[in-house]
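Structure first, commentary second.
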Amino acid sequence: MARELGKHTEILVDTGIMSGADIVAAIALGARCTLIGRAYLYGLMAGGEAGVNRAIEILQTGVIRTMRLLGVTCLEELSPRHVTQLRRLGPIGAPT
């Protein structure tokens, strides 16, 4: 979608962000940023302010780890070639 819209439209991803890898994938595919409301709320419910801080720390660690595994050192180096979409996300033979 980012390729079709060009640089004149800002894309924000606001659903399904559960890990640092999700954040990296969204940015690699053209998102300007991701919104992390669910992770933030899980942290808040589990531990108040400290839980929110821990949730953000977990996401940050995941972003850094994923970028290292991809061999990039900054978000600007990410591109769609860094994302592989899996067709099967469940057990073999399960409906997709």
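Does Gly16 count as touching a Pro at 6+ places or on another chain (Cβ under 8 Å), on the phi > 0 side of the Ramachandran plot and either in contact (Cβ under 8 Å) with a residue 60 or more places away in the chain or in a loop (DSSP other than H, G, I, E, B) (or both)? So that I can check it myself, show each step before the final result.
Numbers: touching a Pro at 6+ places or on another chain (Cβ under 8 Å): no; on the phi > 0 side of the Ramachandran plot: yes; either in contact (Cβ under 8 Å) with a residue 60 or more places away in the chain or in a loop (DSSP other than H, G, I, E, B) (or both): yes.
So Gly16 fails the test.
Hey, Ile27 hits all of (1) under 17 Å from Gln85 (Cα atoms); (2) outside any helix (DSSP H, G or I) but one; which does it fall short on?
(2)
Yes/no per residue for (1) at pLDDT 95 or above; (2) part of a helix (DSSP H, G or I); (3) surrounded by fewer than 14 Cβ atoms within 10 Å (Cβ to Cβ); (4) of a type in the set (Lys, Arg):
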| residue | (1), (2), (3), (4) |
| --- | --- |
| Ala39 | no, yes, no, no |
| Tyr42 | no, yes, no, no |
| Gly62 | yes, yes, no, no |
| Leu69 | yes, yes, yes, no |
| Val72 | yes, no, no, no |
| Thr84 | no, no, yes, no |
| Arg87 | no, no, yes, yes |
| Gly93 | no, no, yes, no |
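Restricted to region 10-36, and to residues that are within 18 Å of Leu78 (Cβ to Cβ) and among the hydroxyl-bearing types (Ser, Thr, Tyr), which residue is surrounded by the most Cβ atoms within 10 Å (Cβ to Cβ)?
Looking at the filtered set, the residue picked out is Thr34.
Test each condition in (1) touching a helix residue (DSSP H, G or I) at 6+ places or on another chain (Cβ under 9 Å); (2) closer than 22 Å to Thr73 by Cα; (3) among the small types (Gly, Ala, Ser) for Ala39 and report the one that comes out false.
The one condition Ala39 does not meet is (2).
Run down Leu41, Leu35, Leu29 and say which single residue is of a type outside the set (Val, Ile, Thr) and in contact with a Pro (Cβ under 6 Å, 6 or more places away or on another chain). First the steps, then the outcome.
Values: Leu41 fails: in contact with a Pro (Cβ under 6 Å, 6 or more places away or on another chain); Leu35 fails: in contact with a Pro (Cβ under 6 Å, 6 or more places away or on another chain).
Only one candidate passes the filter, namely Leu29.
Among the residues in region 58-76, are any of a type in the set (D, E, K, R) and in contact (Cβ under 8 Å) with a residue 12 or more places away in the chain? Spell out the reasoning first.
We begin by selecting, within region 58-76, every residue of a type in the set (D, E, K, R); these are 65, 68, 76.
Restricting the remaining residues to those that are in contact (Cβ under 8 Å) with a residue 12 or more places away in the chain gives 65.
Yes; the residues of region 58-76 include at least one that is of a type in the set (D, E, K, R) and in contact (Cβ under 8 Å) with a residue 12 or more places away in the chain.
The values are calculated or read from the model by the stated rules, or taken from the named source; none is laboratory data. Remember, predicted model here, so these are calculated numbers, not experimental data. When we count neighbours, we look across all protein chains shown, and the Cβ atoms used for this are built from the backbone with ideal geometry, even at glycine.
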